[in-house]
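Read through the structure below, which is laid out as C-alpha cells, and then see the notes.
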Amino acid sequence: MSERGGGKMITIVTLEGILRMSPAIVKAYGIVIGGGATLIGAALFERHFASRSAVIIAERIAAIVKVALPIAVIIALIIFALNNPLM
C-alpha cells in the first residue's frame with residue numbers, strides 16, 4: 001500500500017505483501033534457486049572427484065559447467081525478454 005503526501009511516497013511493508021508473490025516472481029525464484037543448486041552440486045562433485053584422484057572426471061565437470069553456464073544465461077535472458085510484459 002502506498003500513499004502520496006507532501007511529495008513523499010510512504011510505503012508500508014507487511015508480511016502478507018512479502019509472502020504474496022506473482023507467478024512470474026515465483027518462477028524467477030525457482031530459476032535462481034535451481035541454477036544455484038545445480039552449480040553448487042557441480043562444484044561439490046568436482047571437488048569430490050578431484051580429491052579422489054579422479055582428475056579427468058573433475059576436469060570434465062568443470063568443462064561442462066564452463067560451456068553450459070554461458071549458454072544457460074543467454075537462454076534465460078532470451079526467455080526473460082520474450083516474457084517481459086513491458087515489451
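Rounded to the nearest Hz, the phi-derived 3J(HN,Hα) couplings of the stretch 31-48 under the Karplus curve 6.51 cos²θ - 1.76 cosθ + 1.60 (θ = phi - 60°) are 5, 5, 5, x, x, x, 5, 5, 5, 5, x, 4, 5, 5, 5, 4, 5, 4, where x marks glycine and proline.
The HN-Hα couplings worked out from phi for the stretch 9-20 by the Karplus form 6.51 cos²θ - 1.76 cosθ + 1.60 (θ = phi - 60°) are 9, 9, 10, 9, 9, 10, 5, 4, x, 6, 7, 8 Hz, whole numbers, x standing for Gly and Pro. With K and R counted +1 and D and E -1, the other residues having a Cβ less than 15 Å from that of F45 yield a net charge of +2.
Here, each number is a calculation from the coordinates, and none is a lab measurement. None of the values given here were measured: they were computed from a predicted structure. Cβ coordinates were reconstructed from backbone atoms using ideal geometry, including for glycine residues, and neighbour counts include every protein chain displayed.
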